[in-house]
1. Would it be correct to say that Pro11 is in contact (Cβ under 8 Å) with a residue 24 or more places away in the chain, in contact with a helix residue (DSSP H, G or I) (Cβ under 6 Å, 6 or more places away or on another chain) and not basic (Lys, Arg)?
2. From the set of residues in the stretch 59-71 that are within 16 Å of the ligand (Cβ to nearest atom) and without any contact (Cβ under 8 Å) to a residue 60 or more places away in the chain, which is farthest from Ser201 (Cα to Cα)?
3. Just to verify a result, which residue in the stretch 35-50, among those that are in contact with a Pro (Cβ under 9 Å, 6 or more places away or on another chain) and not acidic (Asp, Glu), is farthest from Leu218 (Cα to Cα)?
4. Go over the candidates Ser157, Ser109 one by one and state the one that is under 18 Å from the mean Cα position of the chain (by Cα), surrounded by fewer than 15 Cβ atoms within 10 Å (Cβ to Cβ) and either among the acidic types (Asp, Glu) or on the phi < 0 side of the Ramachandran plot (or both).
5. For the stretch 263-281, check the following and say yes or no: at least one residue is modelled with pLDDT of 95 or more, part of a loop (DSSP other than H, G, I, E, B) and away from the ligand (no atom under 16 Å from the Cβ).
6. If Asp41 satisfies all but one of (1) within 15 Å of the ligand (Cβ to nearest atom); (2) surrounded by fewer than 18 Cβ atoms within 10 Å (Cβ to Cβ), what's the number of the condition it fails?
7. Here are Ser88, Ser103, Ser109, Ser98: which of them is within 12 Å of the ligand (Cβ to nearest atom), hydroxyl-bearing (Ser, Thr, Tyr) and more than 23 Å from Ser195 (Cβ to Cβ)?
8. Kindly provide the set of residues from the stretch 114-123 that are away from the ligand (no atom under 16 Å from the Cβ) and surrounded by 15 or more Cβ atoms within 10 Å (Cβ to Cβ), ordered by number.
Amino acid sequence: MRTTINQIISPINTSDGAGVKLKRSIGTQLIDYFDPFLMLDEFGSDKSDDYLGGFPAHPHRGIETVTYMLNGEFEHKDSTGAVGVMKSGDVQWMKTGSGIIHSEMPAMSEGKLHGFQLWINMPAEKKMDDPEYIYLNSNQIKTYEDADVKVKVIAGSFKEVNGSIKKHNIDPTYLDIQIISEQPFKYNLEYEYNSFIYVYSGSIHLDGDDSEIKSSHLITLNKGGSLVVRSENRAKFLLVSGKPIGEPIARGGPFVMNTREEIISAISEYKNGTFVKVGAK
Ligand code: FE
């Protein structure tokens, strides 16, 4: 059965950290939670004032944050002692588990910044695991390319190309796709999974649907199976899919747990200095 559009979502303009401007499409009143996806932000500006404040030290618990830097350089540091600079094309896939405190600050004072941060929920049984990093340099991200399409495989697979994220509980697909010709991009989605497309350059439409989806728009997809995407202007877009977790969620800013009580204890642990369970120095 053909996959169809469920909702077309215009992101809201907001800011986070110390005033970094961004467009939030999941994690808003319109679509609070698209299980297992808690948040999707596109950050991007060529004005340094929009990003120089960065994201000073802040905690997370119970989620995975996946940062994909299309353009720009950010330095990250965290409570496990990890330090590194994310460069254009790199991905940082962080399983916060029981908790980390980290900062993400620009390692650039001018030029264009553009990227994405996706928050993926963790199931109750993994929320208090030790934190874990998966860092993918741009040259480790495998790409499929032919005359019609270019696909960077961050997670999941496309044709014979497999991503580096293995044995993950939500079995994620995270593809960065550019349609190059008049030929459609075709992909078979897992029927039970939640899937979305985020267009970030050009415009697309799904086969058999007149709606034109423009840049900086999200579409959530109905469960269907066979996805067929066309573009006349060499669109670029993300295709993300994952298995729903199906548990109650309680949100408290950077903490996402199952109950209100767990949020309250995360906040009080952060206040009294007992938040970080692993690697504390
Ligand atoms: Fe963060």
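1. Numbers: in contact (Cβ under 8 Å) with a residue 24 or more places away in the chain: yes; in contact with a helix residue (DSSP H, G or I) (Cβ under 6 Å, 6 or more places away or on another chain): no; not basic (Lys, Arg): yes.
It is false that Pro11 is in contact (Cβ under 8 Å) with a residue 24 or more places away in the chain, in contact with a helix residue (DSSP H, G or I) (Cβ under 6 Å, 6 or more places away or on another chain) and not basic (Lys, Arg).
2. Glu64
3. Only one residue tops the list, namely Ser48.
4. None of the others qualify; the one that does is Ser157.
5. Among the residues of the stretch 263-281, not one is modelled with pLDDT of 95 or more, part of a loop (DSSP other than H, G, I, E, B) and away from the ligand (no atom under 16 Å from the Cβ), which makes the answer no.
6. (2)
7. On the way: Ser88 fails: within 12 Å of the ligand (Cβ to nearest atom); Ser109 fails: within 12 Å of the ligand (Cβ to nearest atom); Ser98 fails: within 12 Å of the ligand (Cβ to nearest atom).
Result: Ser103 is the single residue among Ser88, Ser103, Ser109, Ser98 that is within 12 Å of the ligand (Cβ to nearest atom), hydroxyl-bearing (Ser, Thr, Tyr) and more than 23 Å from Ser195 (Cβ to Cβ).
8. First, the residues of the stretch 114-123 that are away from the ligand (no atom under 16 Å from the Cβ): 114, 123.
His114 - this is the single residue of the stretch 114-123 that is away from the ligand (no atom under 16 Å from the Cβ) and surrounded by 15 or more Cβ atoms within 10 Å (Cβ to Cβ).
The values are calculated or read from the model by the stated rules, or taken from the named source; none is laboratory data. The structure displayed is predicted, hence computed values, not measured ones. Every residue, glycine among them, receives a Cβ derived from its backbone with ideal geometry; neighbour counts consider all protein chains shown.
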